[in-house]
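All remarks here apply to the structure that follows.
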Amino acid sequence: MKLLFIAPRFPYPPQKGDQLTIFRRLKVLADRHEITLLSFVEQQPSPEDMKYVGVLCRGGVFTVPFSRTTAMLHLIKGACFSSLPLQSLLYQSNEFRFMLDDLLQKNTYDVVHFFLIRMAPYVSLVKKYNIPAVLDMVDSMTLNIQRRIPFEKGVLRWGLKYEGKRVERYERNVYHDFHKLIVCAKKDLEYISGKNISIIPSAVMAEEFFPRLNMRKENTFVFSGNLSYPPNIHAVLWFIEQVYPLLKGENITFRVNIIGRRPAEEIKKTVCGKDEIHLVGKVNSMAEALNEASFAIAPMQSGSGMQGKILEAMACGLPVVTTSLGQGSIEATPAQGLFVADTPEEFSSIIIELLRDEKKCRDTGGAARDFILHNHEVSLSLPVLESIYRTAVETSNIDYV
């Protein structure tokens, strides 16, 4: 098939969740389909990055600069005269619309694949050309925002409530405009309407994330993620404030590596003076950084979707300690390397057990790797994606009202 991808961010190097989703879709589809990519860019990608993505996109790679000034003007204007989510208003661009229109005029595409609701309004242009459209929502932003609100204060809290109402209305009705919607978890179905929804669980590239036992360091565990992303900030702060004191009260030796780009000031301040906690920050290879630990933690208190950090750690052969919210739709058991605890006492108890039992780490880590290979390896999404595209084409004359 000839596919046109519509993306809010250039997918390489993949540093955020939506970039990872787009990149993994490209990797799994590129050999069998001709993909054209149209994407916003905050800064022009390097020649090397463009070349790498170009290999995956035989139809071409086209970029439009993302102007923060223009985005804010659209936001201010749209907030008064449009019911679109604010995040969608930020990504409205005449230049992007013109380039999309030009591509649609000059080329024939079987399916246009949109990523995130912030890009969904451009479907109005695609409709003019009568081309089947798929929206990859990844997860429900309604759920994401609802879980964030309790952690915020003041103007930010008010802003999230305001945006939450807009997003909820939009997610309930967006199915009218697309032939298929994609989410990553069953929980998202409670917030998104429509019978044309498919679930593709989040996935990991097992060839990139794999066990390297010679790199393991005893008594070391790890948290990974974008450290400026609010749900990750909430998780790190909860661990440091609620769990870390309990670990300090035990007669154990341990080291915690907190890995991720752009650490928030709250994390920097909270980590200060705590000898066992090491704020590593950005690393060249997340897979290698994970392999330097015996197990991982994901003490999620907010957020939505399926946690990629958990899947990446398990793919590296690490057991993971998480919360019920973090586990979400990942259907692994403790025997398969996923331990769930929701109170500080339960969370610290499992950490202590893993610190004192290296064999348990190895055994459950091996089972975690097997679980990923059979349930969340990126290649497993190929037949599902192709089925979604075929259905979109076959039902392109059906109105999902």
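The values are calculated or read from the model by the stated rules, or taken from the named source; none is laboratory data. Keep in mind the model is a prediction, meaning the values are calculated, not measured. Every residue, glycine as well, gets a Cβ built from its backbone with ideal geometry; the counts of neighbours run over all protein chains shown. To get the accessible areas, we keep the full protein, side chains included, count just its heavy atoms, and leave off ligands, DNA and RNA. Shrake-Rupley method; radii C 1.70, N 1.55, O 1.52, S 1.80 Å.
Just a few scattered comments:
- Using a probe of 1.4 Å on the protein chains alone, the accessible area found for ARG32 is around 150 Å².
- Selected from GLN15, GLN301, GLN336 as most flexible by GNM, with the chain as the system and alpha-carbon contacts under 10 Å: GLN15
- Ratio Rg/Rh, restricted to the range 7-103 and using Cα atoms, in which Rh is the Kirkwood radius: 1.01
- Spin-label model, PHE98/PHE62: points 7 Å from Cα along the beta carbon direction are separated by 1.3 nm.
- The Rg/Rh ratio of the chain, with both radii computed over alpha carbons and Rh defined as the Kirkwood radius, is 0.97.
- Only DSSP H runs of four or more residues enter the estimate; each adds -39500 (n - 2.57), and after division by the residues of the chain the mean residue ellipticity at 222 nm equals -12500 deg cm²/dmol.
- Accessible surface comparison of GLU353, GLU358, probe 1.4 Å, protein chains only, largest first: the order is GLU353, GLU358.
- Share of carbon and sulfur in the accessible heavy-atom surface of the chain [1.4 Å probe, %]: 51
- The range 342-401 - Debye-derived log10 I(q)/I(0), Cα point model, q = 0.26, 0.27 Å⁻¹: -1.00, -1.02
- Relative contact order of the range 280-380, pairs being alpha-carbon contacts under 8 Å that are 6 or more residues apart, as %: 29
- Cβ-defined net charge surrounding MET215, 14 Å radius [Lys, Arg +1; Asp, Glu -1]: +1
- Pairs exceeding 24 Å between alpha-carbon atoms, taken from LYS16/LYS51; LYS309/LYS360; LYS27/LYS268; LYS16/LYS268; LYS217/LYS274: LYS27/LYS268.
- The Cα atoms of the range 52-201 define a convex hull whose projected area, averaged across directions, is 10.4 nm².
- In this structure the range 1-79 gives 47 Å² per residue of accessible area when probed at 1.4 Å with all protein chains present.
- In plain terms, the chain from LYS2 to ARG390 could stretch by 138.5 nm, reckoned as 0.36 nm per residue minus the Cα-Cα distance.
- When THR21, THR36, THR69 are compared by accessible area at a 1.4 angstrom probe, the order from most to least is THR69, THR21, THR36.
- When each of the peptides 179-188, 338-347, 307-316 is scored by how many other beta carbons lie within 10 Å of its residues on average, the order from highest to lowest is 307-316, 179-188, 338-347.
- Highest-MSF residue in the chain out of ASN226, ASN375, ASN284 [GNM, Cα springs under 10 Å]: ASN284
- Three-way shape call for the range 140-185 based on the alpha-carbon gyration tensor, with the a/c threshold at 1.5: oblate
- The share of alpha-carbon pairs in the range 295-363 lying farther apart than 14 Å comes to 53%.
- Sequence-distant aspartates and glutamates (8 or more away, or on other chains) whose Cα lies within less than 17 Å of LYS153: GLU163, GLU265, GLU266
- Cα gyration tensor, the range 213-356 - rounded (a/c under 1.5), prolate or oblate: rounded
- Cα-projected label distance for LYS153 with SER124, points at 7 Å along beta-carbon direction, nm: 4.0
- Counted residue by residue at 0.36 nm each, then reduced by the alpha carbon distance between them, the extension gain from THR69 to PHE81 reaches 2.5 nm.
- If you take all other residues with their beta carbon under 14 Å from the beta carbon of ALA367, and give Lys and Arg +1 and Asp and Glu -1, the sum is +1.
- Three-way shape label, the range 250-301, alpha-carbon gyration tensor, a/c 1.5: oblate
- Subtracting the Cα-Cα distance of SER193 and SER285 from 0.36 nm times their residue separation leaves 29.3 nm of extension gain.
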